């Protein structure tokens, strides 16, 4: 589904990603862990097509297509979803209207008609219930005055509505208390299928108790320095990142 | 002949048509003398630094409208807020159109300035209010006063509320290659009265139009007045709007100015608070492109204690458009406990657009809260990426953000159908269908 080959990327001559290789297949959950400043969030942004970052070498291939020169919105239309670490506030546009616009723009790009209003309503209701979101919340302005936890839950709600092929969750666990974490994780797990995949980016092992990954990768200084199964996450939790950093030097 | 000379020369012809014994004529003559002495303001004057009237003064404007131009309602329906029932005072090339209007004398007077200036029954009101709050120093106001003859006259007596909002519409048909119009409006709302007004100037062809309008609004004690200015005119239409508001104690007056088009638009909006516990609201959304120019000059004069004023102007400037915001707040020494708020935020969406913004605070009282802020910026790239990553294309994402930027100004619009209309206009101006009913 997603193949990242020797990816180098940076911003303003500053190299951040220095040769990332990653292969994600349908049905898989990959966790990417690493210390602060290792390049985790940059990788998430580059997959989503953020133009601030310049890809200097290597490529990202999604469903057999090179994503170089593909705009962020087109990537979304192809089924890539990024859950933002810091979702943006849009006053005057309700969560519902925003999600409707996102869904219908995607349908338009795929040559489909707008989703019928009753179908949209049903979907909104169903997904809101799944994420234990109050109906009133949906008529509030997008992210405006939301708590950290509400913003993250709203991200997963949008993901649930858009049903992406590949979801990249960038530090979705930060700012969540344990109950919210469980609800969010539950939402992600319910969306799992043999056809889609999830990349979970996190600093801590905590989230991985709830969203159990098939693979864990450790990123350090812009490279994946170690890959393994979920046991690797536990090992990191125990030993910290210094151990990886030392190994990387060797 | 330059416009100034032509105007002065034509005053004699104007006098032939009006009653010279009427007391207003003395006011007219005095006003003409002031205009004659001062002429059009030039860019050397601080208040006109960024707005030049030079080009307009070289145009050979026709000053007296033809009396016989007519329009069919179906051709101009879209300029009315036809979704709701309204009173209508409609002018075609400066001449009242009884055919398109709907006036009333049922408890309130919603009619014509020409009637108010000539009929004896209105003389007491004219004596008390005509040209009282409007400036006698400003040369353009004086110019309007000198030729004051027609416009809207609204009188809402004590405790009265008209059944529906009033629309004041000025159409220009282009029957002259260039035409100057000088409507004069007088609006008196007495104690505990209420009124909603929507005003629009609309040119129907690409012939040049210059409108120099003066509106005086008097809000009595506890009165509530909402005034909406819809400025979405053609590239060949220029408007100098001079609005003066006198508020008595506990009155609430709001003026919303929606500047979406026109070659040159100058909004001189002046509030004078003459009482305690007054609330004044000045809001504006400016959305310009091409080579359009808008200049908002606001004044709020706090003359009494315990009053509030709220100013919020949002501007979005594209292409080669230019904008000015000059917001002056004066707090007299006596006006303690004043709460004056002023904000002006601007988005430049083109490299060639320009905005000049200037807060001007003159505070002589020591126990007041005055806050002001102005910003000039561009669309937040981070936010734009967020929307695009959700599948919303760049153009629509930008529009959504601009809409969100301007949105809070619309929240205080109390006529729902007007709010929807403005929302649609914004979407249309931004060139997108936002995919949902705003």
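Readers should treat all values here as calculations from the given coordinates under stated rules, not as data from a laboratory. Values in this document were obtained by computation on a predicted structure and should not be read as measured data. Positions of Cβ are backbone-derived with ideal geometry, glycine not excepted, and every protein chain shown enters the neighbour counts.
Worth a mention:
- Counts of other chain beta carbons within 10 angstrom of each beta carbon in peptide A:140-148 average 1.
- Difference of contour (0.36 nm per residue) and Cα-Cα distance, residue B:334 to residue B:78: 87.4 nm
- Distance between the pseudo-spin-label points of residue A:69 and residue B:128 (7 Å out from Cα toward the beta carbon): 7.5 nm.
- Nitroxide proxy distance, nm - points 7 Å out along Cα→Cβ at residue B:136 and residue A:61: 8.6 nm
- Segment residue A:86..residue A:21, full-extension length gain: 20.8 nm, with 0.36 nm per residue of separation and the alpha-carbon distance subtracted.
- If you plug the beta carbon distance of residue B:414 and residue B:235 into 1/(1 + (r/R0)^6) with R0 = 35 Å, you get a FRET efficiency near 0.65.
- Tensor-based shape of the range A:1-127 (alpha-carbon gyration tensor, a/c under 1.5 rounded, otherwise prolate or oblate): prolate
- Adding -39500 (n - 2.57) for every DSSP H run of four residues or longer, then dividing by how many residues the protein assembly as shown holds, sets the calculated 222 nm ellipticity at -8500 deg cm²/dmol.
- Ranked by how many other Cβ atoms sit within 10 Å of their own Cβ, fewest first, the residues B:48, A:243 fall in the order A:243, B:48.
- Compactness ratio for the range B:1-108: Cα radius of gyration over 2.2 N^0.38 Å (N = residue count) comes to 1.43.
- Over chain A, relative contact order from alpha-carbon pairs under 8 Å, at least 6 apart, %: 28 percent
- Angle of helix A:95-109 to the longest C-alpha principal axis of chain A, folded into 0 to 90 degrees and rounded to 10: 80°.
- Order of B:374, B:111, B:307 - criterion: other Cβ atoms within 10 Å of each residue's Cβ, fewest first: B:374, B:111, B:307
- If you plug the beta carbon distance of residue A:113 and residue A:139 into 1/(1 + (r/R0)^6) with R0 = 25 Å, you get a FRET efficiency near 0.50.
- The range B:3-274 shape via C-alpha gyration tensor axes, a/c threshold 1.5: rounded
- Remark: mean inter-chain Cβ contacts per residue of A:103-115 equal 2, using a 10 Å Cβ-Cβ cutoff to other protein chain atoms.
- Exposure proxy ranking for B:355, A:11, A:55, B:294, based on other Cβ atoms within 10 angstrom of each Cβ and starting from the fewest, stands as A:11, A:55, B:355, B:294.
- Cα gyration tensor, the range B:1-64 - rounded (a/c under 1.5), prolate or oblate: oblate
- Value of Rg to Rh for the protein assembly as shown (Rh from inverse mean 1/r over Cα pairs, i.e. Kirkwood): 1.09
- Centre-to-centre, using Cα atoms only, the range A:1-41 and the range A:61-123 are separated by 23 Å.
- Averaged over the residues of peptide B:391-400, the number of Cβ atoms from other protein chains lying within 10 Å of each residue's Cβ is 6.
- A convex hull fitted to the Cα coordinates of the range B:379-438 yields 75 cubic angstrom per residue.
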